[in-house]
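The block underneath contains the structure these notes are about, expressed in C-alpha coordinates.
The values are calculated or read from the model by the stated rules, or taken from the named source; none is laboratory data. All figures in this text were calculated on a predicted structure; none of them were measured in a lab. Cβ placement follows ideal geometry from the backbone for every residue including glycine, while neighbour counts extend to all protein chains displayed. Ligands, DNA and RNA are excluded from the accessible area calculation, which covers all protein heavy atoms including side chains. Shrake-Rupley method; radii C 1.70, N 1.55, O 1.52, S 1.80 Å.
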Amino acid sequence: MKVLVLHGPNLNLLGRREPEIYGSKTLDQLNEEIEALASQLGLEVDFFQSNQEGVLIDRLHQAAGTYQWIVFNPGALSHYSYALRDAVAGIGVPTIEVHMSNVQAREEFRARSVIAPACVGQITGFGAASYFLALYAIFERAGI
Ligand code: DQA
(Lines give C-alpha, C1' and ligand atoms only; values in the text may rest on other atoms or scores of the structure.)
Protein backbone atom coordinates (compact mmCIF):
# COMPACT_ATOMS: atom_id res chain seq x y z
CA MET A 1 0.00 0.00 0.00
CA LYS A 2 1.74 3.15 -1.22
CA VAL A 3 0.82 6.55 0.20
CA LEU A 4 1.95 9.93 -1.11
CA VAL A 5 2.22 12.62 1.56
CA LEU A 6 1.94 15.94 -0.21
CA HIS A 7 2.74 19.24 1.51
CA GLY A 8 1.73 22.54 -0.04
CA PRO A 9 2.97 26.12 0.22
CA ASN A 10 4.95 27.33 3.24
CA LEU A 11 5.08 23.94 4.92
CA ASN A 12 8.82 23.93 4.17
CA LEU A 13 8.95 26.68 6.83
CA LEU A 14 7.70 24.42 9.63
CA GLY A 15 9.77 24.85 12.78
CA ARG A 16 10.25 28.56 12.30
CA ARG A 17 6.87 29.55 10.87
CA GLU A 18 4.43 30.79 13.53
CA PRO A 19 5.50 28.08 16.03
CA GLU A 20 2.64 29.01 18.37
CA ILE A 21 0.29 27.72 15.65
CA TYR A 22 2.30 25.05 13.85
CA GLY A 23 4.69 23.86 16.57
CA SER A 24 8.46 23.65 16.55
CA LYS A 25 9.06 20.54 14.45
CA THR A 26 10.71 21.01 11.06
CA LEU A 27 9.21 19.43 7.97
CA ASP A 28 12.02 16.84 7.96
CA GLN A 29 11.26 15.90 11.58
CA LEU A 30 7.55 15.67 10.81
CA ASN A 31 8.23 13.47 7.79
CA GLU A 32 10.46 11.19 9.89
CA GLU A 33 7.66 10.72 12.42
CA ILE A 34 5.13 10.04 9.64
CA GLU A 35 7.53 7.53 8.12
CA ALA A 36 8.04 5.76 11.48
CA LEU A 37 4.29 5.36 12.04
CA ALA A 38 3.71 4.34 8.43
CA SER A 39 6.23 1.53 8.69
CA GLN A 40 4.56 0.28 11.91
CA LEU A 41 1.25 0.23 10.03
CA GLY A 42 2.73 -1.52 7.00
CA LEU A 43 2.33 1.51 4.73
CA GLU A 44 4.95 2.73 2.30
CA VAL A 45 5.17 6.53 2.18
CA ASP A 46 6.79 9.04 -0.15
CA PHE A 47 6.95 12.76 0.55
CA PHE A 48 6.77 15.81 -1.64
CA GLN A 49 6.53 19.53 -0.86
CA SER A 50 6.08 22.45 -3.22
CA ASN A 51 5.21 26.10 -2.97
CA GLN A 52 3.88 26.05 -6.55
CA GLU A 53 0.28 25.22 -7.39
CA GLY A 54 1.14 23.85 -10.85
CA VAL A 55 3.91 21.63 -9.49
CA LEU A 56 1.45 20.16 -6.97
CA ILE A 57 -1.02 19.53 -9.79
CA ASP A 58 1.65 17.75 -11.83
CA ARG A 59 2.61 15.63 -8.80
CA LEU A 60 -1.04 14.66 -8.27
CA HIS A 61 -1.33 13.62 -11.93
CA GLN A 62 1.81 11.49 -11.63
CA ALA A 63 0.46 9.86 -8.48
CA ALA A 64 -2.31 8.06 -10.33
CA GLY A 65 -1.30 4.46 -10.94
CA THR A 66 1.53 4.54 -8.38
CA TYR A 67 -0.17 5.44 -5.10
CA GLN A 68 -3.28 3.94 -3.54
CA TRP A 69 -3.79 6.91 -1.20
CA ILE A 70 -2.75 10.55 -0.88
CA VAL A 71 -2.47 12.55 2.35
CA PHE A 72 -2.56 16.19 1.30
CA ASN A 73 -1.99 19.40 3.24
CA PRO A 74 -2.63 22.01 0.54
CA GLY A 75 -1.82 24.93 2.89
CA ALA A 76 -3.57 28.17 1.94
CA LEU A 77 -4.37 26.75 -1.51
CA SER A 78 -7.06 24.70 0.26
CA HIS A 79 -9.14 27.81 0.52
CA TYR A 80 -9.22 28.86 -3.15
CA SER A 81 -7.53 26.47 -5.58
CA TYR A 82 -10.22 25.05 -7.84
CA ALA A 83 -7.41 23.69 -10.02
CA LEU A 84 -6.12 21.52 -7.17
CA ARG A 85 -9.64 20.43 -6.36
CA ASP A 86 -10.15 19.35 -9.98
CA ALA A 87 -6.81 17.51 -9.93
CA VAL A 88 -7.82 15.58 -6.79
CA ALA A 89 -11.23 14.83 -8.27
CA GLY A 90 -9.71 13.85 -11.60
CA ILE A 91 -7.01 11.38 -10.66
CA GLY A 92 -9.20 8.85 -8.90
CA VAL A 93 -6.78 8.33 -5.99
CA PRO A 94 -8.54 8.57 -2.61
CA THR A 95 -7.20 11.63 -0.82
CA ILE A 96 -7.38 12.81 2.79
CA GLU A 97 -6.98 16.55 3.40
CA VAL A 98 -5.05 17.40 6.54
CA HIS A 99 -4.36 20.63 8.40
CA MET A 100 -2.12 20.99 11.42
CA SER A 101 -4.06 23.93 12.82
CA ASN A 102 -7.80 23.97 13.43
CA VAL A 103 -8.85 25.87 10.32
CA GLN A 104 -12.38 26.24 11.73
CA ALA A 105 -11.11 28.21 14.70
CA ARG A 106 -8.99 30.75 12.84
CA GLU A 107 -9.68 33.51 10.29
CA GLU A 108 -12.93 33.19 8.39
CA PHE A 109 -11.22 32.58 5.04
CA ARG A 110 -9.64 29.38 6.42
CA ALA A 111 -12.95 27.83 7.42
CA ARG A 112 -13.77 26.83 3.84
CA SER A 113 -11.80 24.31 1.82
CA VAL A 114 -12.63 24.04 -1.86
CA ILE A 115 -10.57 20.83 -2.03
CA ALA A 116 -12.13 18.89 0.87
CA PRO A 117 -15.34 18.05 -1.05
CA ALA A 118 -13.19 16.11 -3.54
CA CYS A 119 -11.52 14.19 -0.67
CA VAL A 120 -12.56 11.15 1.33
CA GLY A 121 -12.34 13.28 4.47
CA GLN A 122 -10.61 16.13 6.24
CA ILE A 123 -8.59 16.05 9.48
CA THR A 124 -7.83 19.41 11.05
CA GLY A 125 -6.40 20.77 14.27
CA PHE A 126 -4.17 18.05 15.69
CA GLY A 127 -0.70 19.26 14.67
CA ALA A 128 1.54 16.43 13.50
CA ALA A 129 -1.14 14.02 14.67
CA SER A 130 -3.42 15.21 11.84
CA TYR A 131 -1.08 13.30 9.52
CA PHE A 132 -0.90 10.33 11.89
CA LEU A 133 -4.70 10.14 12.06
CA ALA A 134 -4.82 10.13 8.27
CA LEU A 135 -2.49 7.11 8.25
CA TYR A 136 -4.71 5.33 10.78
CA ALA A 137 -7.73 6.06 8.58
CA ILE A 138 -5.96 4.54 5.57
CA PHE A 139 -4.89 1.53 7.65
CA GLU A 140 -8.47 1.01 8.78
CA ARG A 141 -9.97 1.48 5.32
CA ALA A 142 -7.44 -0.79 3.69
CA GLY A 143 -8.19 -3.55 6.18
CA ILE A 144 -4.46 -4.27 6.59
C1 DQA B 1 -2.61 24.83 7.11
C2 DQA B 1 -3.77 25.81 7.32
C3 DQA B 1 -3.84 26.81 6.18
O4 DQA B 1 -4.91 27.73 6.38
C5 DQA B 1 -2.54 27.58 6.11
O6 DQA B 1 -2.58 28.48 5.02
C7 DQA B 1 -1.36 26.70 6.02
C8 DQA B 1 -1.30 25.55 6.92
C9 DQA B 1 -2.46 23.90 8.33
O10 DQA B 1 -1.79 22.87 8.17
O11 DQA B 1 -2.96 24.19 9.41
O12 DQA B 1 -0.42 26.95 5.29
O13 DQA B 1 -2.89 24.04 5.98
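Values for this structure:
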{"item": "Selected from ASN10, GLY92, SER81, residue furthest toward positive end of dipole (the range 4-93; charges at beta carbon)", "result": "SER81"}
{"item": "Convex hull per residue volume in Å³, alpha carbons only, for the range 65-144", "result": "83 Å³"}
{"item": "Sequence ranges 103-109, 35-41, 58-64, ranked by mean other-Cβ count within 10 angstrom, highest first", "result": "58-64, 35-41, 103-109"}
{"item": "For the range 127-143 and the range 13-57, distance of Cα centres in Å", "result": "14 Å"}
{"item": "Heavy-atom accessible surface of the chain: percent carbon and sulfur, 1.4 Å", "result": "49 percent"}
{"item": "Rounded to whole Hz, the Karplus (6.51, -1.76, 1.60) HN-Hα couplings of the range 7-24, x for glycine and proline", "result": "10, x, x, 6, 6, 5, 8, 3, x, 10, 8, 5, x, 5, 9, 10, x, 10"}
{"item": "Kirkwood Rh in Å, taken over all unlike Cα pairs in the range 2-139", "result": "14.7 Å"}
{"item": "Dipole magnitude (debye, nearest 20) for the chain, charges at Cβ of Lys, Arg, Asp, Glu", "result": "220 debye"}
{"item": "Accessible area in square angstrom per residue, the range 74-120, 1.4 angstrom probe", "result": "44 Å²"}
{"item": "Charge sum, other residues only, whose C-beta stays under 11 Å from LEU43's C-beta, Lys/Arg counted +1 and Asp/Glu -1", "result": "-2"}
